[in-house]
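Bear in mind these aren't lab numbers, they're just calculated from the coordinates by the rules spelled out. Since the structure is predicted, the reported quantities are computational estimates derived from the model, not experimental observations. Please note: Cβ atoms are built from the backbone with ideal geometry, for glycine as well, and neighbour counts cover all protein chains shown.
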Amino acid sequence: MIENDNKTMTEALDLLVHEPSKPARLMNPVVLAYAGDAVYELLVRQYLISKPNHQSHELHREATKRVSAKAQRVTLEKLAPLLTEEEADIVRRGRNAKSGKPPKNADPADYRHATALETLFGYLFYERRGERIRELLAVALDDEATMR
């Protein structure tokens, strides 16, 4: 039963319908961050919906708080010691990428770190590493239930 549950969870994370034109390791970090932004926000929203008492304004406010550039910088700092060498390299590439001008309300350093986190999640998504995404998300959200 556990094996079946793990397979179902992995399949649920495999939302990749259209293959990219090249392997994730060769993709531009800004493109990985573009995808990773959506992946990370979707996972945060799923987490919030899994909690009791859903009020749309509360869900939106909490999601916005967790996916802000500042919150993503804090999350990246929490995850950094857990990253493999390969993942740390992807994060470095994302942090150093020229991703444009940060939003007016975002600190440029926070924005670069947020881009790095999004690059990591985009990379793991395109590499189909759902279990690793779950592990990192559990730490990011301080939630053991995410790992199950």
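Using Cα-Cα distances under 8 Å and only pairs 6 or more residues apart, what relative contact order does the chain have, in percent?
36 percent
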>> How large is the Rg to Rh ratio of segment 23-147 when both quantities use alpha carbon positions and Rh follows Kirkwood?
In response: 0.96
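Taking neighbour Cβ counts within 10 Å as the exposure measure, how do E135, E85, E77 sort from fewest upward?
Numbers: E135 16, E85 7, E77 11.
With the fewest neighbours first, E135, E85, E77 line up as E85, E77, E135.
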>> Please list, in order along segment 122-131, the HN-Hα scalar couplings obtained from phi with the Karplus expression 6.51 cos²θ - 1.76 cosθ + 1.60 (θ = phi - 60°), rounded to whole Hz, x for Gly and Pro.
In response: x, 4, 5, 4, 6, 7, 6, 9, x, 5
> In whole Hz, what ³J(HN,Hα) sequence does segment 51-64 give by Karplus (6.51, -1.76, 1.60; θ = phi - 60°), x for Gly and Pro?
Replying inline: 8, x, 6, 8, 10, 4, 5, 5, 4, 4, 4, 5, 4, 4
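Counting other beta carbons within 10 Å of each Cβ, put T119, T64, T75 in order, fewest first. Spell out each step's value before the answer.
Values: T119 30, T64 12, T75 22.
Ordered by Cβ neighbours within 10 Å, fewest first: T64, T75, T119.
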